[in-house]
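> I have a structure here, written as structure tokens, and I will follow up with some questions on it.
The values are calculated or read from the model by the stated rules, or taken from the named source; none is laboratory data. Keep in mind that this is a model prediction, so the values were computed, not measured. All Cβ positions, even for glycine, are placed from backbone atoms using ideal geometry, and neighbour counts span all protein chains on display.
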Amino acid sequence: MPLPRIICCLDVRDGRVVKGVQFQGLRDAGDPVELAASYEAQGADEIVILDVAATPEGRANAAETVAAVRAELSIPLTVGGGVRSEADAGRLLDAGADKVAVNTAAVRDPSLVQRLAERFGVQCTILALDAARRGAGWETVVRSGQERTGRHASDWAREAVSLGAGEILLTSWDRDGTGQGYDVALIREVADAVQVPVIASGGAATPEHLAAALRVGAEAVLAATIFHDAHTTVGHVKHALVQQGLEVRP
């Protein structure tokens, strides 16, 4: 098994990093180029850029931001938000992304996942799955959490993987930005349902939260607020995970 990845997320709107709770109440958190370079220096294994306004505003992701970040970055970069076609994905890959994440457009047209995997490779095709608690399970939500789909999260994860998704970026809408920790029951269910890596997202505030996600099946953990607000550093998180008996990348 590969060692777990610690991933820093940059939610971007209008060329600035923003952060909110449950995708709402966004506040400025800094410059994406400066933050990405800082997180790489701290030891981040990957960076994810999500344009949180592209889909709700019906526009494409800003490739200029991607290119500016790539110019200062040597670690893998995943980009999502507003990807509706192979052309959108190709534009982001040309700008410097290593992987492209799809969410709303893939739910609307699942064949998009297959088309991206066939054209760019499974390793480049990431399903960003946002899930909200509904009854005893979790429902897929889209448009930055504004719309519920009626689709069970693990069912959609399985279908997307069968179509060619190489990873699942799994975000708990209920936990996003709350600092209450990842939804470990959601992570366990989706990780058990698919044979590709699951990246846990939504709610991390302490190294213990990251450790809990890794122990229930996540192969990578993504966080934003704890790094943006200088609650901790990537290096400190990695040290804390080692202290808890988990191996991490240097």
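> Would you mind telling me which numbered condition in (1) surrounded by 16 or more Cβ atoms within 10 Å (Cβ to Cβ); (2) more than 18 Å from the chain's Cα centre (by Cα) Glu139 fails?
Tallying (1) surrounded by 16 or more Cβ atoms within 10 Å (Cβ to Cβ); (2) more than 18 Å from the chain's Cα centre (by Cα), Glu139 fails exactly one: (2).
> Something else: Being at pLDDT 95 or above and either in contact with a Leu (Cβ under 7 Å, 6 or more places away or on another chain) or closer than 19 Å to Gln146 by Cβ (or both) is true for just one of Val17, Val83, Val48, Val12. Which residue is that?
Going through Val17, Val83, Val48, Val12 in turn, the sole match is Val48.
> For Val33, state whether it is closer than 27 Å to Ser85 by Cβ and either surrounded by fewer than 20 Cβ atoms within 10 Å (Cβ to Cβ) or at pLDDT 95 or above (or both). Break it down into steps so the answer makes sense when it comes.
On the way: closer than 27 Å to Ser85 by Cβ: yes; either surrounded by fewer than 20 Cβ atoms within 10 Å (Cβ to Cβ) or at pLDDT 95 or above (or both): yes.
Yes: the conditions hold for Val33.
> If you don't mind, there's one more thing I want to ask. Anything in the range 118-136 that is in contact with a strand residue (DSSP E or B) (Cβ under 6 Å, 6 or more places away or on another chain) and in a strand (DSSP E or B)? List them, or say none.
Correct list: Ile126, Leu127, Ala128, Leu129, Asp130, Ala131, Ala132.
> Continuing with this model, one more query. Trp138 is checked against (1) in contact with a Ser or Thr (Cβ under 8 Å, 6 or more places away or on another chain); (2) free of Cβ contacts under 8 Å to residues at least 40 places away in the same chain and fails just one. What number does that condition carry?
Among (1) in contact with a Ser or Thr (Cβ under 8 Å, 6 or more places away or on another chain); (2) free of Cβ contacts under 8 Å to residues at least 40 places away in the same chain, the lone unmet condition for Trp138 is (2).
> Return the residue satisfying two criteria in turn: it lies in the range 153-193 and is closer than 16 Å to Thr140 by Cα and among the β-branched types (Val, Ile, Thr), and of such residues it is surrounded by the fewest Cβ atoms within 10 Å (Cβ to Cβ).
Of everything passing the filter in the range 153-193, Val161 is surrounded by the fewest Cβ atoms within 10 Å (Cβ to Cβ).
> Checking Thr65 against (1) in a loop (DSSP other than H, G, I, E, B); (2) surrounded by 21 or more Cβ atoms within 10 Å (Cβ to Cβ); (3) among the polar types (S, T, N, Q): exactly one of these is not met. Which one?
Here Thr65 meets the rest and fails (1).
> Can I ask one more? Take Val237 and tell me if it is under 17 Å from Tyr39 (Cα atoms) and touching a Pro at 6+ places or on another chain (Cβ under 6 Å).
Working: under 17 Å from Tyr39 (Cα atoms): yes; touching a Pro at 6+ places or on another chain (Cβ under 6 Å): yes.
In short, yes.
> Determine whether His239 is in contact with a Gly (Cβ under 6 Å, 6 or more places away or on another chain) and either buried (at least 19 other Cβ atoms within 10 Å of the Cβ) or farther than 20 Å from Leu170 by Cα (or both). Walk me through how you get there before you give the answer.
Working: in contact with a Gly (Cβ under 6 Å, 6 or more places away or on another chain): no; either buried (at least 19 other Cβ atoms within 10 Å of the Cβ) or farther than 20 Å from Leu170 by Cα (or both): yes.
Against the criterion (in contact with a Gly (Cβ under 6 Å, 6 or more places away or on another chain) and either buried (at least 19 other Cβ atoms within 10 Å of the Cβ) or farther than 20 Å from Leu170 by Cα (or both)), His239 does not qualify.
> Can I ask one more? Which of the residues that make up the range 84-129 are charged (D, E, K, R) and without any contact (Cβ under 8 Å) to a residue 60 or more places away in the chain? Steps first, please.
From the range 84-129, those charged (D, E, K, R) are 84, 86, 88, 91, 94, 98-99, 108-109, 115, 118-119; that's our starting set.
Those that are charged (D, E, K, R) and without any contact (Cβ under 8 Å) to a residue 60 or more places away in the chain: Arg84, Glu86, Asp88, Arg91, Asp94, Asp98, Arg108, Asp109, Arg115, Glu118, Arg119.
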